[in-house]
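*Asks:* Before I ask anything, let me first share the structure, which is written out below as structure tokens.
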Amino acid sequence: MSDHTHDHGDHHPPHPMQPDLEDTPLTYHQSMTLAVVELLIEKNVISADEVRAMHEVIDATSPALGAKLVARAWSDAEFKKRLLKSVNDAAAEFGVDAGPVPIRAMENTTGVHNVIVCTLCSCYPKYLLGLPPDWYKSRAYRSRVVREPRAVLAEFGTQLPGDVDLVVHDSTADFRYMVLPLRPAGTDGLGEEELAAIVTRDCMIGVTCPKAPGSE
Amino acid sequence: MSQPQFQTSERVRVRQWEPPGHIRTPSFIRGHTGIVQQIAGQFRNPEELAYGRKDARLLTLYRVAFAHDDLWPESPPGEQHAVIVDIYENWLEPAERKS
């Protein structure tokens, strides 16, 4: 059936190739970034190893750092006060450098649910929580969550009771935001490590709520 | 350092303004009225910092709350929420003044 010049002899269609990164052309800003980095290295302003190490640091941060802070705040009322005052200072107590930009925690209560967005671009507490998910950067999330957050949360599987006030925080300026979620019922006997395990990235963005282990 | 021009709980309007260049005030709140939730400190104007002006002037930053009904009057009922946006003083004017 085939007139392929490249016949494996088994008559299966050729396996589709996953395109390599280099198969799409660089955008203007990608070219500009690479050019500036090369120039800075060439002029000994920064070293190639510093650039590599910074990538490594950013890739090594993960939501687990934020989850530890949340679990401690659930377990220690005094720590919670300090966390609500300054996330960066609270993180430093764990030996974690939460970065140069001040981070604020927005506390969920039984009456208020918070959700975070950056409508302008993709501002996110990345030194604490790692890189943001792709959907956080999408135009759909950024434009819809300020307009119809209940519908957006429902698409993430989160149904908020009608009497809960919803507050959307748009991080347009010199602060980054994370949500301090409400500790779920049925977690009274849990230690900090077990509590941290139920605090996910999406809980700290506010599109979902932590669930007690074993529920659903 | 300058004294904040607006106080907590004061009603403010976001300027209906389309300056060229790097802008940190989203368009969906321009021309809308909100309430100052908090005076969040003073920061160098990021719209100047973006062009390498390291001595950009210090501006008071406000956290301003907007009501859903005001921002999106045409949207269906059931979506009652507030949006809190961080806005620099140069983008705000008293709510009473005409924009």
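The values are calculated or read from the model by the stated rules, or taken from the named source; none is laboratory data. Treat the numbers as computed from the prediction; the structure is a model and nothing was measured. Positions of Cβ are generated from backbone atoms using ideal geometry, with glycine treated the same way; all protein chains shown enter the neighbour counts. Heads up: the accessible areas ignore ligands, DNA and RNA and are worked out on the full protein's heavy atoms, side chains in. Shrake-Rupley method; radii C 1.70, N 1.55, O 1.52, S 1.80 Å.
*Asks:* Name the residues in region A:199-210 that are closer than 18 Å to A:T109 by Cβ and part of a loop (DSSP other than H, G, I, E, B), would you?
*Replies:* The answer is A:V199, A:G206, A:V207, A:T208, A:C209, A:P210.
*Asks:* Being under 21 Å from B:S75 (Cα atoms) and surrounded by fewer than 20 Cβ atoms within 10 Å (Cβ to Cβ) is the filter here, so list the residues in region A:111-149 that pass it.
*Replies:* A:R139, A:A140, A:R142, A:S143, A:R144, A:R147, A:E148
*Asks:* I need the full set of residues from region A:162-191 which are open to solvent by 70 Å² or more (accessible area, probe 1.4 Å) and not in a loop (DSSP other than H, G, I, E, B), in order please.
*Replies:* Matches in region A:162-191: A:D165 only.
*Asks:* Failed condition for B:H81, given (1) at pLDDT 95 or above; (2) within 11 Å of another protein chain (Cβ to nearest Cβ), with all others met?
*Replies:* Only one criterion is unmet by B:H81, namely (1).
*Asks:* Would you pick out the residues in region A:24-48 that are in a helix (DSSP H, G or I) and open to solvent by 100 Å² or more (accessible area, probe 1.4 Å)?
*Replies:* A:Y28, A:H29, A:E38, A:E42
Residues are listed down the side, and each one gets a yes or a no for (1) in contact with a strand residue (DSSP E or B) (Cβ under 7 Å, 6 or more places away or on another chain); (2) surrounded by 16 or more Cβ atoms within 10 Å (Cβ to Cβ):
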{"position": "B:T8", "(1), (2)": "yes, no"}
{"position": "B:R11", "(1), (2)": "yes, no"}
{"position": "B:P19", "(1), (2)": "no, no"}
{"position": "B:H22", "(1), (2)": "no, no"}
{"position": "B:I29", "(1), (2)": "yes, yes"}
{"position": "B:H32", "(1), (2)": "yes, yes"}
{"position": "B:I35", "(1), (2)": "yes, yes"}
{"position": "B:A40", "(1), (2)": "yes, yes"}
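*Asks:* Looking at (1) in the same structural domain as A:D76 (by TED's automatic domain parsing); (2) of a type in the set (S, T, N, Q); (3) over 15 Å from the mean Cα position of the chain (by Cα), which one does A:S171 not meet, given that it meets all the others?
*Replies:* Here A:S171 meets the rest and fails (3).
*Asks:* Is there any pair with a first residue in region A:59-81 that is under 10 Å from A:A196 (Cβ atoms) and modelled with pLDDT of 95 or more and a second that is surrounded by fewer than 13 Cβ atoms within 10 Å (Cβ to Cβ) and hydrophobic (A, V, I, L, M, F, W, C) whose Cβ atoms are under 9 Å apart and which are 6 or more apart or on different chains, and what are they?
*Replies:* Final answer for the pair search is A:K68/A:F94; A:L69/A:F94; A:R72/A:F94.
*Asks:* Moving to a separate point now. Considering A:V168, A:V179, which residue is at the interface with another protein chain (Cβ under 10 Å from one of its Cβ atoms) and in contact (Cβ under 8 Å) with a residue 24 or more places away in the chain? Full working, then the answer.
*Replies:* Working: A:V179 fails: at the interface with another protein chain (Cβ under 10 Å from one of its Cβ atoms).
Result: A:V168 is the single residue among A:V168, A:V179 that is at the interface with another protein chain (Cβ under 10 Å from one of its Cβ atoms) and in contact (Cβ under 8 Å) with a residue 24 or more places away in the chain.
*Asks:* With a cut-off of at least 1 residues that are among the aromatic types (F, W, Y), name the helices (runs of 4 or more DSSP H) lying wholly within region A:51-124.
*Replies:* Per the criteria, A:63-75, A:77-85.
*Asks:* Further, regarding this structure: Just a yes or no: is a residue in region A:125-144 assigned to a loop (DSSP other than H, G, I, E, B), at the interface with chain B (Cβ under 9 Å from one of its Cβ atoms) and of a type outside the set (S, T, N, Q)?
*Replies:* no
*Asks:* Related question: If A:K80 satisfies every condition in (1) surrounded by fewer than 16 Cβ atoms within 10 Å (Cβ to Cβ); (2) under 30 Å from B:Q42 (Cα atoms) but one, which is the exception?
*Replies:* Looking at each condition in turn, A:K80 falls short on (1).
*Asks:* So B:L61 ticks every box in (1) at pLDDT below 95; (2) open to solvent by less than 80 Å² (accessible area, probe 1.4 Å); (3) out of contact with any Pro (no Cβ under 6 Å at 6 or more places or on another chain) but one. Which box is left unticked?
*Replies:* Of the numbered conditions (1) at pLDDT below 95; (2) open to solvent by less than 80 Å² (accessible area, probe 1.4 Å); (3) out of contact with any Pro (no Cβ under 6 Å at 6 or more places or on another chain), the odd one out for B:L61 is (1).
*Asks:* Does A:Y136 fit the bill of being within 13 Å of the chain's Cα centre (by Cα) and at pLDDT 95 or above?
*Replies:* Against the criterion (within 13 Å of the chain's Cα centre (by Cα) and at pLDDT 95 or above), A:Y136 qualifies.
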